[in-house]
Amino acid sequence: MANEADMMALRIAEKRRAADDIEFFELRHPDGAELPEFTAGAHVSLIVPNGELRKYSLCNDPEERDRYCIAVKREAGGRGGSVSLIDNAKISDEIMVSAPRNDFALATAPQYLFIAGGIGITPILSMIRQIRSSGLGRFKLFYLSRSAATTAFLDELKAPEFRGMVTIHHDEGDPNNSLDLWPVLEKPGAAHLYCCGPRGLMQAVRDMTGHWSSARIHFEDFTPPGAMTKPEDKPFTVKLARSGETYEVPVGKTILEVLRDHGHAVPSSCESGTCGSCRTKLLEGEPDHRDLVLADYEKTENIMVCVSRAISDELVLDL
Ligand code: FES
């Protein structure tokens, strides 16, 4: 997580509508200086006008050192960060921005399969730009959205240069019109899969890729831990096998947060169950897995403590 000491003031050089409820922002250094470099799939954290910190994927080509580009979906029913940024930030305003960080980096592979849902296109657009400019490998993109009007970067992705590589599908809000991804995912081949979009889409893709190597599947999700709570959540305890310490994990807190509160430094990064860095050995108990990392065969002996909870009253961790 970015902290204010690491942040720089950048100027909003451009702000324009990219689609219904999606706004494009271009951020530049006020003096025109080069910005810290980034790799495709990276994100930055911004302090939005209402004072909250929000993460946004960079969507421009990493070769560009003079600007960061983001596209922001206005989440009217969200926590207010995107609404504040879209409604209150203006061209020429300065905004605090972290250095880029990447939990969704592009692996070296002969082929890439990209699945983007809605605004989840942003990190994937940066990847496609990098692949195109560096000749890294071949790719196919499946870009799923509600309608043409709600789809950002549509003209760019419909360009003749992407013919045969990009499939754009609109479901017009009807789940019966969803694109069947099974034919695409049935045979893993040598591709690395990158998926970013609504949690339901990513979960569906994860469910269809149990036969893929986990190392070749990558997800990006900025859903805050608090938004992953379910009505059936209940408190439970975690026991640390090596020290015998036992802590209660209340509703609304993650195992990771509880461990941190008690001074245990478990590696973590995304805190959304997608990057794999908080994998912890599970010794006893019945987990409620909520991550997109673990393959089925890994689930009895591992848990991602940033999002997963317990069905049993206690989990025993190898800590
Ligand atoms: S911190 Fe990324 S999966 Fe838990």
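Laboratory data are not the source of any read-out in this text; all were calculated from the coordinates shown. Just so it is clear, the model here is predicted, and its values are computed rather than measured. Cβ: placed from backbone, ideal geometry, glycine included. Neighbour counts: every protein chain shown.
May I ask which residue of G78, P62, A18 lies farthest towards the positive end of the charge dipole of segment 4-97, with charges of +1 (Lys, Arg) and -1 (Asp, Glu) on Cβ and the Cα centre as origin? It is G78. Dipole size of segment 4-97 about its Cα centre, with +1 on Lys/Arg Cβ and -1 on Asp/Glu Cβ: approximately 340 debye, rounded to the nearest 20. Net charge in the neighbourhood of G285 (other residues with Cβ under 11 Å of its Cβ; Lys, Arg +1, Asp, Glu -1) is -3. Rounded to the nearest 0.05, the FRET efficiency derived from the C-beta distance between T246 and E301 at R0 = 30 Å is 0.90.
Counting only residues at least eight positions apart within a chain, or on another chain, the lysines with an alpha carbon under 27 Å from that of K140 are K55, K73, K158, K187.
Taken about its Cα centre, the chain carries a charge dipole of about 540 debye when Lys and Arg each add +1 at the Cβ and Asp and Glu each add -1 at the Cβ.
Cα centroids of segment 280-319 and segment 115-164: 35 Å apart. Pairwise Cα distances in the chain exceed 25 Å for 53 percent of all pairs.
The charge dipole of segment 225-317, taken about the Cα centre with unit charges on the Cβ atoms of Lys, Arg (+1) and Asp, Glu (-1), comes to about 220 debye, rounded to the nearest 20. Using C-alpha pairs under 8 Å with a sequence gap of at least 6, the mean separation divided by the residue count of segment 224-319 gives a relative contact order of 34 percent.
In a fully extended conformation the segment linking S277 and D261 would gain 3.9 nm over its present Cα-Cα distance, using 0.36 nm per residue. With each label modelled as a point 7 angstrom along the Cα→C-beta vector, the I91-T223 pair spans 3.7 nm.
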